[in-house]
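Novice: This is the structure I have questions about; it appears just below.
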Amino acid sequence: MSHLLALDVGWGTTLAIKTIIILALVPAGALILGYTFLLKMMSHMQSRLGPMDPGGFHGWFQLIGDGIKFIQKEDVMPEGSDRRVFAMAPIVILMSTFLIFVVIPAGPRIVVKDIDVGVFYALAVSSLSVIGVLMAGWASSNKFALLGALRAAAQLIAYELPLLLAVVGVVVQAGTMSLQGIVFAQQNGSIFGWSGIGNPFFFTQIIGFGLFLVAAQAELTQTPFDMPVAESELVAGYMVEYTGFRFLFFYIGEVGTAFAFAALAATLFLGGWAIPGVHGAMADLLGPIVLFVKLMFVAFLFFWVRFTYPRLREDQLQALAWKVLIPLGLANILLTGILKVAM
Amino acid sequence: MSTTENPPMPEIQLEPGALRHLAEAQVNVELDTGDMILNLGPQHPATHGTLRLVVRLDGERVVSADPVIGYMHRGYEKLTEYRTYPQITTLVNRIDWLSSFANEVPFVDAAERLMTIEAPPRAQYIRTVLTELSRISTFYLFLGEMALQVGALTPAFYGFRDREYVLNLIEGATGGRFHPNFNRIGGLKDDLPWGWISETREVMQKILDGCDEFEDLVAGNEIFQARTKSIGIVPGELGAAYGMSGSNLRASGVDWDLRRDGRPYLVYPELDFKVWTHPDGDSYARYWVRLQETRESCRMVLQLLDQMPSGPIMAKVPRIIKVPEGEVWTEVENPLGQMGYYVVSKGATGPFRVKIRSASFSNVSIMPWLLRGVYVPDVITILASLYFILGDIDR
């Protein structure tokens, strides 16, 4: 990054810039996804317009206005709640979202920190949010919230394993756990000897991609697997007692995590920032845009499913995870390993 | 959260070979947690208003469920004693507010039978068309609403969107979108407006297309089927014993429809229609039966429009309506089930007593039996599939 700006900045300044970018990324991503998919795409799928007036052009200002509204609201803490835990829960959830972005590369040199075990790290910090959900549910002193939180905890194992197994195939094929390394492996790879577009693992790891999407849907508590929120049953699950700014945190956390997982899926399976024929400094310039386009495609898939399907029951998710997803994931790893050795 | 103390360890006499059972019993007692009492409602999105369910939960499993009703009691049976017959139609179409026109018909029918007058054929046909239209609008809302309760957001909007066409038709004919108050004793207030019949034909086609869409999007969805099939099974005999009626009972395999089997009313005897039943009696069967009945109603409306006679829409009635002394019981097949009025007249301008038999009250009375042992998410789908209107329960 410093080469691009032709500036020689110290580590403190770099750190500050990186922190600001990460801090800005999550709300910005949440706004973009929230506007594009939650407001506009969903409205059009349901044959309505969605917000059209705020801001002049297709209601682009709506979410910002909503944010301002949330800030004005009274901060209600229910009687009998565990006040400190209640206040910390949204922060824990939001933190896990911020931490994922640390390892996601947006160009050959644009990455906050390329960790050797990047994939492992990203999946680990993403599971932190469940702690926040449990905290919120417990501290609310509300039965609906508690049921929602316990569902979220029960759901954790059901989707975390398929998520990991889905990624193992990619790691085996790329030979590295660093996200930057995985992108390079896709850019320089070849599909059965043909290297025209590199080797986006979307083609060779199609099962893994499907598994990742399904498991990520559960991680994001989106509809078929939104039992912890379950609007028609638990009203809003663990969020039921939250108001104002704290609720906004949950909202940003929810959509921001969708943004992060879309970026992760784009990096792991769609080649991340890489497009054929672009290398070096040019890739640094185009990388963020390319990643954004791919990410939006994955997010589209997430939200498309969300708006179409009904909700499963908790025990049905467990059955799906243990009887379908995990065996599929293991078979995928076996297949990848055999092909890796044979090719 | 209310947790009770663990019960004290029972004194168990050791028998040879019973050691393993003792260990199991001990584990069970240690893992036994207190039940949690959860109040679903009176303000809960899935209860369509103000139904309250006091659910005793063991984890997510329902130990017992007690419906608490009466939050919407408006005292219609008493109010009718202080109104004249023409005024009462305003009241009764607020009982089940989704199919208001269908509520008026049996009451007007009761008054007409007591007065031994009969509405002219055209009025009867228009009444039948409007009754079937309110059935379509009620069921169409259900088709989307049920998907919403199972967790899919989009079909609910489709349901609302297409129902609006039907409501526009009802508004076009009667002037009221929800509460038409269009029936008069001896006929109707007005004839149909110009162009209404051809527009109705178009809308019926839209509804039939929409039903195909619901069949693909909701009824054909694997997750929807997994959530509703073999959930909340009502055996036909038990349902009938609880007084269930309408689509809920037909979904349990009981082939009983008052339009065909009851005392002939309106022009149903002249119509060619099929009564749909489903053998399973689960939530999916109730959805499926209503989907088919929506289609059947569309076909009935098209049939009625083809056969619509011309002529007057109002019989000769005195200006001040006084109903001769007598008692009469009318029952009809409303969208939600059997709806009846028992009217006692003492010869005045208003009834002496009216007893209203509404379908939802009996339909939900099976809930304590039905909800025992299911999971919390299934409580919601079963509630949605029974399809009740709070005004119809509490009156």
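Novice: Residue A:152 passes all but one of (1) aliphatic (A, V, I, L, M); (2) without any contact (Cβ under 8 Å) to a residue 60 or more places away in the chain; (3) within 14 Å of chain B (Cβ to nearest Cβ); which number fails?
Specialist: Evaluating residue A:152 over (1) aliphatic (A, V, I, L, M); (2) without any contact (Cβ under 8 Å) to a residue 60 or more places away in the chain; (3) within 14 Å of chain B (Cβ to nearest Cβ) leaves (2) as the failure.
Novice: Same structure again: State which residue is farthest from the other protein chains (Cβ to nearest Cβ) when the search covers only the range B:47-70 and only residues that are in contact (Cβ under 8 Å) with a residue 60 or more places away in the chain and surrounded by fewer than 16 Cβ atoms within 10 Å (Cβ to Cβ).
Specialist: Among them, the one singled out is B:70.
Novice: Which condition number does residue A:319 fail, the rest of (1) more than 18 Å from residue A:41 (Cβ to Cβ); (2) surrounded by 22 or more Cβ atoms within 10 Å (Cβ to Cβ); (3) among the small types (Gly, Ala, Ser) being met?
Specialist: Residue A:319 satisfies every listed condition except (2).
Novice: Still on this structure, I have one more. Within the bounds of the range A:205-222, is there any residue that is within 14 Å of chain B (Cβ to nearest Cβ), without any contact (Cβ under 8 Å) to a residue 40 or more places away in the chain, crowded, with 23+ Cβ neighbours inside 10 Å and more than 17 Å from residue A:171 (Cβ to Cβ)?
Specialist: No, the range A:205-222 contains no residue that is within 14 Å of chain B (Cβ to nearest Cβ), without any contact (Cβ under 8 Å) to a residue 40 or more places away in the chain, crowded, with 23+ Cβ neighbours inside 10 Å and more than 17 Å from residue A:171 (Cβ to Cβ).
Novice: If you check A:103, A:125, A:111, which single one turns out to be more than 14 Å from chain B (Cβ to nearest Cβ) and at pLDDT below 85?
Specialist: A:111
Novice: Please go through the range B:139-163 and pick out each residue that is crowded, with 24+ Cβ neighbours inside 10 Å and assigned to a loop (DSSP other than H, G, I, E, B).
Specialist: Once the filter is applied, which keeps residues that are crowded, with 24+ Cβ neighbours inside 10 Å and assigned to a loop (DSSP other than H, G, I, E, B), the range B:139-163 yields B:151, B:152.
Novice: Another question, if that's okay. Given the conditions (1) farther than 29 Å from residue A:168 by Cβ; (2) touching a helix residue (DSSP H, G or I) at 6+ places or on another chain (Cβ under 9 Å), which single one is not true for residue A:286?
Specialist: (2)
Novice: Looking at the range A:45-67, I want the residues that are more than 14 Å from chain B (Cβ to nearest Cβ) and on the phi > 0 side of the Ramachandran plot and have a partner that is of a type in the set (A, V, I, L, M) and assigned to a loop (DSSP other than H, G, I, E, B) with Cβ atoms under 8 Å, at least 6 apart or on another chain. Which pairs are those?
Specialist: Final answer for the pair search is A:58/A:52; A:59/A:52.
Novice: Continuing with the same structure: Any idea which of A:210, A:253, A:175, A:148 is modelled with pLDDT of 80 or more and at positive phi?
Specialist: The conditions single out A:175.
Novice: Considering only residues that are over 12 Å from residue B:282 (Cβ atoms) and in contact with a helix residue (DSSP H, G or I) (Cβ under 9 Å, 6 or more places away or on another chain), which ones fall in the range B:240-255?
Specialist: Hits for the range B:240-255 are B:240, B:242, B:243, B:244, B:245, B:246, B:247, B:249, B:250, B:254, B:255.
Novice: Among B:112, B:81, B:164, B:77, which is the only one that is more than 20 Å from residue B:304 (Cα to Cα) and within 14 Å of another protein chain (Cβ to nearest Cβ)?
Specialist: Exactly one of B:112, B:81, B:164, B:77 is more than 20 Å from residue B:304 (Cα to Cα) and within 14 Å of another protein chain (Cβ to nearest Cβ), namely B:164.
Novice: Can you find, within the range A:5-44, the residue that is farthest from the other protein chains (Cβ to nearest Cβ) among those that are touching a residue at least 24 places away in the same chain (Cβ under 8 Å) and of a type in the set (Val, Ile, Thr)?
Specialist: Here the answer is A:21.
Novice: Related question: Can you tell me which residue is surrounded by the fewest Cβ atoms within 10 Å (Cβ to Cβ) among those in the range A:109-145 that are more than 16 Å from residue A:89 (Cβ to Cβ) and small (Gly, Ala, Ser)?
Specialist: Among those that are more than 16 Å from residue A:89 (Cβ to Cβ) and small (Gly, Ala, Ser), it is A:124.
Novice: Let me ask another. Identify all residues within the range B:327-360 that are touching a Gly at 6+ places or on another chain (Cβ under 8 Å) and closer than 16 Å to residue B:99 by Cα; write none if there are none.
Specialist: The answer is B:331, B:332, B:333, B:334, B:335, B:336, B:337, B:338, B:356, B:357, B:359, B:360.
Novice: Follow-up question, since we're still on this one. Only one of (1) closer than 16 Å to residue A:100 by Cβ; (2) assigned to a helix (DSSP H, G or I) fails for residue A:248. Which number is that?
Specialist: So residue A:248 meets the others, but not (1).
Novice: Something else now. Is it the case that the range A:271-278 has a residue that's under 25 Å from residue A:178 (Cα atoms) and under 15 Å from the mean Cα position of the chain (by Cα)?
Specialist: yes
Novice: Condition first: closer than 23 Å to residue A:255 by Cβ and in a loop (DSSP other than H, G, I, E, B). Now tell me which residues in the range A:112-127 satisfy that.
Specialist: Residues satisfying the conditions are A:112, A:127.
Novice: So, in the range A:33-89, of the ones that are among the β-branched types (Val, Ile, Thr) and under 24 Å from the mean Cα position of the chain (by Cα), which residue ends up surrounded by the fewest Cβ atoms within 10 Å (Cβ to Cβ)?
Specialist: That would be A:64.
Novice: Quick check: anything in the range B:170-181 over 30 Å from residue B:319 (Cα atoms), in contact with a Phe, Trp or Tyr (Cβ under 8 Å, 6 or more places away or on another chain) and not in a helix (DSSP H, G or I)?
Specialist: no
Novice: Scan the range A:294-316 residue by residue and report those that are farther than 12 Å from residue A:223 by Cα and either more than 14 Å from every other protein chain (Cβ to nearest Cβ) or of a type in the set (A, V, I, L, M, F, W, C) (or both).
Specialist: Within the range A:294-316, A:294, A:295, A:296, A:297, A:298, A:299, A:300, A:301 meet the criteria.
Novice: Something else: Collect the residues in the range B:255-282 that are farther than 13 Å from residue B:333 by Cβ, out of contact with any Phe, Trp or Tyr (no Cβ under 7 Å at 6 or more places or on another chain) and among the β-branched types (Val, Ile, Thr), keeping them in residue-number order.
Specialist: B:277
Results for (1) surrounded by fewer than 19 Cβ atoms within 10 Å (Cβ to Cβ); (2) part of a loop (DSSP other than H, G, I, E, B); (3) without any contact (Cβ under 8 Å) to a residue 24 or more places away in the chain, shown as yes or no for each residue.
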{"site": "B:227", "(1), (2), (3)": "no, no, no"}
{"site": "B:232", "(1), (2), (3)": "no, yes, no"}
{"site": "B:255", "(1), (2), (3)": "yes, yes, yes"}
{"site": "B:272", "(1), (2), (3)": "yes, yes, no"}
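Novice: Right, next: Is the range A:224-244 home to any residue that is touching a residue at least 40 places away in the same chain (Cβ under 8 Å), assigned to a helix (DSSP H, G or I) and within 18 Å of residue A:300 (Cα to Cα)?
Specialist: no
Novice: Is there a residue in the range A:326-343 that is within 23 Å of the chain's Cα centre (by Cα), surrounded by fewer than 23 Cβ atoms within 10 Å (Cβ to Cβ), within 14 Å of another protein chain (Cβ to nearest Cβ) and not basic (Lys, Arg)?
Specialist: No, the range A:326-343 contains no residue that is within 23 Å of the chain's Cα centre (by Cα), surrounded by fewer than 23 Cβ atoms within 10 Å (Cβ to Cβ), within 14 Å of another protein chain (Cβ to nearest Cβ) and not basic (Lys, Arg).
Novice: OK, next. What single numbered condition from (1) of a type in the set (S, T, N, Q); (2) at pLDDT 85 or above; (3) over 21 Å from residue A:303 (Cα atoms) fails to hold for residue A:81?
Specialist: Of the numbered conditions (1) of a type in the set (S, T, N, Q); (2) at pLDDT 85 or above; (3) over 21 Å from residue A:303 (Cα atoms), the odd one out for residue A:81 is (2).
Novice: What are the residues in the range B:207-218 that are in contact (Cβ under 8 Å) with a residue 24 or more places away in the chain, out of contact with any Phe, Trp or Tyr (no Cβ under 6 Å at 6 or more places or on another chain) and within 14 Å of another protein chain (Cβ to nearest Cβ), if any?
Specialist: B:210, B:213, B:214, B:217
Novice: Condition first: in contact with an Asp or Glu (Cβ under 7 Å, 6 or more places away or on another chain) and crowded, with 24+ Cβ neighbours inside 10 Å. Now tell me which residues in the range B:352-367 satisfy that.
Specialist: B:358, B:359, B:360
Novice: What residue, of B:81, B:112, B:145, is acidic (Asp, Glu) and more than 30 Å from residue B:327 (Cα to Cα)?
Specialist: Every option except B:145 fails the conditions.
The values are calculated or read from the model by the stated rules, or taken from the named source; none is laboratory data. All values derive from a computational prediction rather than experimental measurement. Here the Cβ is made from the backbone with ideal geometry for all residues, glycine too, and neighbour counts use every protein chain on show.
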